[in-house]
Amino acid sequence: LNVSNGLIVNSGNVGIGTTGPGAKLHVNDSALQPIIRVQSTGVNSYPAIDIQNDARQWRLQVDGTLASDALTFYDVTIGGSAGYRMVIDNNGNVGIGTTSPTTLLSLGGNSARIFWMERHTTANTAGNSLTVQSGGATSAATDKNGGDLILASATATGNGESKIIFQTVDTTQGAGTTDRAAATRLQIDDGGHLESLGTAP
């Protein structure tokens, strides 16, 4: 069945701009970047795209119930409740575990979080380095500083404190294939004192 420049073939695939659709919906435009638009003009009506199997459903939606009409990614257990997984607000801030990101990347603060690299998956291979680097000065600029790298612990209240803690893995536990976790070696307390652990201060 031909409809303008679209085609529905016997397999049930729908093609727009192609006569040989290779998926349930195949959009092709040789001159422009093809755009698929899902639009709602109703009041308090927010467009969404769902990806679903028998048990779970992922949804991409502009959610007007959140501040700044954020673009949201969340999953839904079929017949159950929804859980936000990631939010992008109209300032470009990304929230993971929070629907109200206040910085470029915000993690929800209701539980402890870890930001890390996964272990190498190639057999008998050492792990890879992770570099965190601040911004450099303009190329060919004269005597301009690079950006500082700031490592800050969290806000406390009253007589509470927060520390900066450094952990490493040492070799004193012997050779072999047993996993050895990192342990705290150095920390900076609320008074700016360096506390070296495992040796005389």
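Computed values, structure above
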quantity	calculated
Listed residues V27, V94, V43, most fluctuating in the chain (Gaussian network, C-alpha, under 10 Å)	V27
Apportionment of accessible area to carbon and sulfur, the chain, percent (1.4 Å)	53
The stretch 98-168: relative contact order in percent, alpha carbon pairs under 8 Å with at least 6 residues between	14
Taking only Cα atoms of the stretch 67-201, radius of gyration then Dmax in Å	20.8, 62
Rotationally averaged projected area of the stretch 23-139 (alpha carbon convex hull; nm²)	14.6
Prolate/oblate/rounded call for the stretch 125-180, Cα gyration tensor, a/c under 1.5 rounded	oblate
Loop-located trypsin sites (Lys or Arg not before Pro) in the stretch 126-187 whose Cβ has at most 11 other Cβ within 10 Å (DSSP)	K144
For the chain: accessible area per residue (Å², 1.4 Å)	79
10 Å Cβ shell holding at most 12 others, DSSP loop, chymotrypsin sites (Phe, Trp or Tyr not before Pro): longest site-free stretch of the chain	1-114
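The values are calculated or read from the model by the stated rules, or taken from the named source; none is laboratory data. Keep in mind that what you see is a predicted model, and the values were worked out from it rather than measured. Here the Cβ is made from the backbone with ideal geometry for all residues, glycine too, and neighbour counts use every protein chain on show. Each accessible area value is taken on the protein alone, full model and side chains, heavy atoms only, with ligands, DNA and RNA left out. Shrake-Rupley method; radii C 1.70, N 1.55, O 1.52, S 1.80 Å.
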